[in-house]
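One structure is given below, encoded as structure tokens.
Taken together, the values in this text are just the output of simple stated rules run on the coordinates, not laboratory data. All values derive from a computational prediction rather than experimental measurement.
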Amino acid sequence: MMTKRELEQYLLQSLNMGLGSLMQGETSYTNSFDCKIMDDGFLFLPRLPAGYIIDDDLYQKIFLIANASLYPRYTLLKQNSAYFMALDTNDIHVQRGLFFPWKEGVSERLIISDLDSFTKSPIQSDAFPFFTVCTLL
């Protein structure tokens, strides 16, 4: 099992290799970005001002790289657009990050063999499972 620090370094290495040419050579080695592992996902931490644009296109590129790199340990949850998260710091250069939520393991679609009986059965809680490891609240 990888430690949190080892996972962070592995993900950072993957992002450096995958984004290097897309971001005009800006990498974590040039202090252009970093990443932070959290319990429910990870943060891509751009250092601003930056020579690259932080937009939905960058968010989706990071998603593609991280999704492949982290599979099968984590399943990234696809977002419609960039998910910005404010950080608790006074340093204006790193007050925001792009958040990528995940679930541990590989999500498998919920298979409902009899839709009629499933819709008639009472739901046991406030949540609805749509994958075996992911629940809609």
Could you list which residues have their amide H under 5 Å from that of THR27, counting only those 5 or more apart in sequence or on another chain, with H placed in the peptide plane? SER32
Restricting to lysines and to Cα separations under 23 Å from LYS36, and discarding same-chain partners fewer than 8 apart, the set is LYS4, LYS61, LYS78, LYS103
Can you tell me which of THR89, THR27, THR119 moves the most in a GNM of the chain? Springs connect C-alpha atoms under 10 Å apart. THR119
How high is the relative contact order of the chain, in percent, counting Cα pairs under 8 Å that sit 6 or more residues apart? 20
How large, in Å, is the chain by the Kirkwood hydrodynamic radius built from its alpha-carbon pairs? 16.7
For the chain, with a Gaussian network of springs between Cα atoms less than 10 Å apart, report the residue from PHE44, PHE84, PHE99 with the top mean-square fluctuation. PHE84
